[in-house]
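Okay, so here's the structure we're looking at.
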Amino acid sequence: MMKPSASLLRRIAALLVLPLTAVPPSFGWGREGHMMINRLAAESLPADLPAFLHTPQAIDEIEYLGPEPDRWRSPAEPELNAEQAPDHFIDLELATLIGPLPRQRYEYIADLYAAGITHPKQAADLRPEKVGFQPYITSEVWERLKSAMRDYRELSAKHEDTKPVEAAILFYAGWLGHYVGDGSQPLHTTINYNGWANKDNPGNYTTDHQIHSRFETVYVAANIKASDIKPLLPAGRPIGDEWTDYLAYLNHTNSLVEKLYQLDKDHGFDGAGTPEGKQFTEERLAAGAAMLRDLISAAWIKSADPVPEYHRSAPPVKDGAAAPGM
């Protein structure tokens with residue numbers, strides 16, 4: 001019996017791999033969308049931010065980093081992928097079962113497990129990694145950015161070298177942009193993230209598992225340009241409480257889920273799509289760029305706030321042990 005040739009084996013291997021590569025993974029806005037969001041945000045930063053943020057090199061770096069967390073979702077790094085994949089979304093229909101979302105990640109995790117006890121039929125769906133951590137990673141990266149900007153202020157005041165912290169600021173700003181961009185994409189806020197999942201489907205919306213990549217990746221790459229989005233950016237607005245304002249942003253995005261499905265039903269994202277589909281997509285990308293711009297600006301402003309005094313909490317007292325000082 002003749003052994004198959006090397007070329008035949010390569011052709012067989014290619015055919016076996018084809019089903020794995022034919023459908024693009026559902027990652028954020030896709031490379032193009034995330035880079036447009038980050039670049040438009042960086043280009044529109046207020047003039048009173050540090051000068052290094054306005055250089056062409058800084059804008060290019062922030063743009064490049066837009067898709068960065070999606071580069072961490074490779075099967076070559078399975079542990080990294082598993083750990084941070086839930087950071088890209090939150091299923092608000094499930095998350096709101098716990099009531100107002102707590103500000104800290106571990107309180108949120110505890111509340112979800114408690115909700116699973118009171119809603120036993122939904123316990124499997126209420127596992128934290130299935131509900132998602134989108135606002136938590138966004139808040140945590142934003143605080144990293146604010147911390148680095150505080151260090152920049154201190155080093156500048158001492159006339160010391162700021163180049164290392166400038167690099168950190170650019171990385172955090174670009175990293176933040178990915179999650180803020182995800183937050184402007186309605187399918188990253190819902191259980192209906194890739195086909196209508198609700199049992200109630202009166203609109204007869206698609207239940208296939210292609211809408212996510214069809215909308216955010218294929219359609220955007222083929223039809224949307226940064227020059228289309230730039231005129232839609234609203235004027236900058238101050239961020240009050242970062243957590244509250246970001247949740248309001250996410251809830252507004254979530255309110256557009258059914259509109260997206262209706263546009264898809266009307267072939268708004270097929271090929272060149274429809275004018276309504278294009279306008280909707282541009283508005284969502286503009287919303288992401290505007291929120292990122294405003295959050296970067298807020299991090300700079302709030303980095304000037306005095307740091308609250310640190311109070312060491314007493315260690316927990318074990319059974320049978322005296323409290324410290326007794």
*What is the Cα radius of gyration of the chain over 2.2 N^0.38 Å, N being its residue count?*
1.15
*Give the carbon-plus-sulfur fraction of the accessible surface of segment 163-251 in %, rounded to a whole number; probe 1.4 Å, heavy atoms of protein chains only.*
57 percent
*Determine the per residue accessible area of the chain with all protein chains present and a 1.4 angstrom probe, expressed in square angstrom.*
54 Å²
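Express the carbon and sulfur contribution to the solvent-accessible surface of segment 259-300 as a percent, rounded to the nearest whole number, probe 1.4 angstrom. Before the final figure, lay out each step's value.
Values: 750 of 1410 Å².
That fraction is 53 percent.
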*Which lysines have a Cα lying under 20 Å from the Cα of Lys225, excluding residues fewer than 8 positions away in the same chain?*
Lys278
*Local electrostatic count at Trp300 - Lys and Arg +1, Asp and Glu -1, tallied over other residues with Cβ under 10 Å*: +3
_With θ taken as phi - 60° and the coefficients 6.51, -1.76 and 1.60, list the Karplus ³J(HN,Hα) couplings across segment 224-240 in order, rounded to whole Hz; mark glycine and proline as x._
10, 10, 4, 5, 6, 8, 3, x, 8, 5, x, 4, x, 9, x, 8, x
*So which trypsin sites (Lys or Arg not before Pro) in segment 62-115 are both in a DSSP loop and have at most 15 other Cβ atoms within 10 Å of their Cβ?*
Arg103
*For Gly195, enumerate residues with amide H under 5 Å from its amide H, sequence gap 5+ or separate chain, H modeled in the peptide plane.*
Ile211, His212
*Measure off 7 Å from each Cα along the Cα-to-Cβ vector at His252 and Asp305, then give the distance between these two points in nanometres to one decimal.*
2.1 nm
*Given labels modelled 7 Å from the Cα in the Cβ direction, how far is it in nm from Thr55 to Asp208?*
4.8 nm
*What are the ³J(HN,Hα) values, in whole Hz, obtained from phi via the Karplus relation 6.51 cos²θ - 1.76 cosθ + 1.60 with θ = phi - 60°, for each residue of segment 111-126 in sequence order, with x given for Gly and Pro?*
5, 5, 5, 5, 5, x, 6, 7, 10, x, 5, 10, 4, 5, 6, 8
*Round to the nearest 10 and give me the degree value, 0 to 90, for the angle of helix 134-157's Cα axis relative to the longest principal axis of the chain.*
50 degrees
_Qualifying GluC sites (Glu not before Pro) in segment 128-237, DSSP loop, other Cβ atoms within 10 Å at most 12_ = Glu160
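The values are calculated or read from the model by the stated rules, or taken from the named source; none is laboratory data. Small disclaimer: the values here were computed from a predicted structure and weren't measured. Here the Cβ is made from the backbone with ideal geometry for all residues, glycine too, and neighbour counts use every protein chain on show. To get the accessible areas, we keep the full protein, side chains included, count just its heavy atoms, and leave off ligands, DNA and RNA. Shrake-Rupley method; radii C 1.70, N 1.55, O 1.52, S 1.80 Å.
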